[in-house]
Amino acid sequence: MKLEGLEILVIGTPPPGWGGRYWIITRLTTECGITGYGEVYAAAVGPDAMRAVITDVFTRHMQGESPENVERMFRRAYSAGFTQRPDPTVMGAFSGLEIACWDILGKARERPVWALLGGMMNERIRAYTYLYPLPHHDKAAFWTSPGMNAESALAAVEQGFTAIKLDPAGPYTMRGGHQPGLRDIDLCDRMLGAVRAAIGNRADILLGTHGQFTPAGAIRLGAAMERHQPLWFEEPVPPDDIAAMAEVARAVRIPVATGERLSTKAEFGAVLRAGAASILQPALGRAGGIWEVKKIATMAEVFGAQMAPHLYAGPVEWAANIHLAASIPNLLMIECIGTGGDFHLPLIGHSLRVKDGFVTPPEAPGLGISFDEALARAHPYADRALHLEMRDAPCDYTHGNSFEGGAPRD
C-alpha cells in the first residue's frame, strides 16, 4: 500500500462563514484505491500558494511511501531545506496530508483512527463553542452587546454545553501587543458579568483573547476578569513571546491557554518548560498532524497540563480532533462550531455531531466521516482574502473596539 494521488479542494464557506473564509481539504489515494481526507489549517499564504506548498510536500516527501510511515515522512518534511525547525506553512501542509494518511490506515484496517492511537480513553468528549448570534440578533451589534451574548450563552447551555467562549477584548492587530483601552476592559467586565448572571454555574466561561496585549496589558485585563472565574485566559500575549506569556501566567489567577498558532512539539515543549500555559490548544491541521499532537499531549501530561484541541476550520480537522481526544488521558475539552456547524455537518453527511454538549467518537473506519465531494466542489473559493486576517488599524481608544467573530458580515 503506497501513496499515489493527491487532490486539493479549497472550499469557500457560505455566509456567515463560521470556521473561516475557506477550508483546505486534502484527498489522498493509494495505488490500491483507498481514499483518505485531511485538512490544512495554516493559512499564512493565499490558497493558490498553499496548493503549491502542499503539492511540493507530497511529491517530495510522501508520494510512493507507505501511509504507515508517518514518523519518517514527518522527519523529511520537518528537516527539508536544512531547516529542522517549526515552519507553520510547511507543517500545515504536512498536517493535512498526515491526517489523510490516518484516514487511509483506519479504512485499510477497518478500524477507527482512535483505535490506532492507543485505543479508547474517553467515550464521551466534552465540547465547547464560541457564542454566535442567534437568528433574531443584530449581527453587527452582537459582538459588543452583553445582553445578546447572555442570550446566546443561555441557549448554548440549554443545548447541553458546559463551556462557552466569548471574545470581547479586541482588536487583533498586526501591530503587536497593546494596552487595553479602559472601554475594552469595561466591556469585557460587563460581557462576562451578563453571561455569568444568565448561566450561573451551569457552564464554564472561556475568555478568548488572541495575542493582542503586552504583558502588562494582559495582566491588567486578567486581574479585572478574575472575579468572573473564567476557566482560561486564551493567548493573552503574542504567541512568539513565551517569556511574556509565562509572566502573565504567574501574575494572573486564571489558567492560561495557548496553541492554535504554534507548530510541532518543539514550540509546545518550550511553552511547557517555561510554565507559560497549563492548557494547550493545538490545531491539528497546523501543529504537525495527529501523531505529532499525540506526542504533545504526552509531554503535557508530564507537566500537569491539559489538552483542548482548537477548531476554527472545517469538519475534517474536527474529526481528527475527536479521534485524538478519544485517545488521551489529559483531555479537557474540544472546540466545536455550535452543535457541529450548519455547513460542516452536511459536508460530512452528518456523520459526527454534538449531542447534549458532548461528542461520541465514531466507530466507523478511518476518520469515520462521509465526505461529500459534490458539495465541496459546488463551493469553490474565489476570493483573495486569507482564512483569517489581522486588522491594520491600532486599538481605538476613543470609540472602542469590536471583533466580529472571525467571519465577515453576510
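Below are the figures for this structure:
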quantity: Hits in the stretch 50-75 - residues which are buried (at least 16 other Cβ atoms within 10 Å of the Cβ) and more than 18 Å from THR29 (Cβ to Cβ); calculated: MET50, VAL53, PHE74
quantity: Of all residues in the stretch 5-20 being among the small types (Gly, Ala, Ser) and over 22 Å from ILE322 (Cβ atoms), the one that is surrounded by the fewest Cβ atoms within 10 Å (Cβ to Cβ); calculated: GLY5
quantity: Of all residues making up the stretch 21-49, the number that are of a type in the set (Gly, Ala, Ser), farther than 16 Å from HIS387 by Cα and surrounded by 24 or more Cβ atoms within 10 Å (Cβ to Cβ); calculated: 2
quantity: Test: ALA297 is closer than 17 Å to HIS344 by Cα, at pLDDT 95 or above and not basic (Lys, Arg); calculated: no
quantity: The listed residue being in contact (Cβ under 8 Å) with a residue 12 or more places away in the chain, among the aliphatic types (A, V, I, L, M) and closer than 27 Å to ALA77 by Cβ, out of LEU221, LEU262; calculated: LEU262
quantity: Close pairs from the stretch 388-401: first within 11 Å of THR173 (Cα to Cα), partner modelled with pLDDT of 90 or more, Cβ under 7 Å, at least 6 apart; calculated: PRO394/HIS178; CYS395/HIS178; CYS395/GLY181
quantity: All positions within the stretch 246-264 that are on the phi < 0 side of the Ramachandran plot and part of a helix (DSSP H, G or I); calculated: ALA246, GLU247, VAL248, ALA249, ARG250, ALA251
quantity: Given (1) over 17 Å from LEU9 (Cβ atoms); (2) without any contact (Cβ under 8 Å) to a residue 60 or more places away in the chain; (3) not charged (D, E, K, R), index of the condition THR55 fails; calculated: (1)
quantity: When residues of the stretch 56-87 are limited to those that are more than 20 Å from GLY366 (Cβ to Cβ) and of a type in the set (Phe, Trp, Tyr), the one farthest from the chain's Cα centre (by Cα); calculated: PHE82
quantity: Matching residues in the stretch 140-183 - criterion: being assigned to a loop (DSSP other than H, G, I, E, B), surrounded by fewer than 17 Cβ atoms within 10 Å (Cβ to Cβ) and of a type outside the set (S, T, N, Q); calculated: ALA140, ALA141, GLY160, MET174, ARG175, GLY176
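The values are calculated or read from the model by the stated rules, or taken from the named source; none is laboratory data. Keep in mind it's a predicted model, so treat the numbers as computed, not measured. All Cβ positions, even for glycine, are placed from backbone atoms using ideal geometry, and neighbour counts span all protein chains on display.
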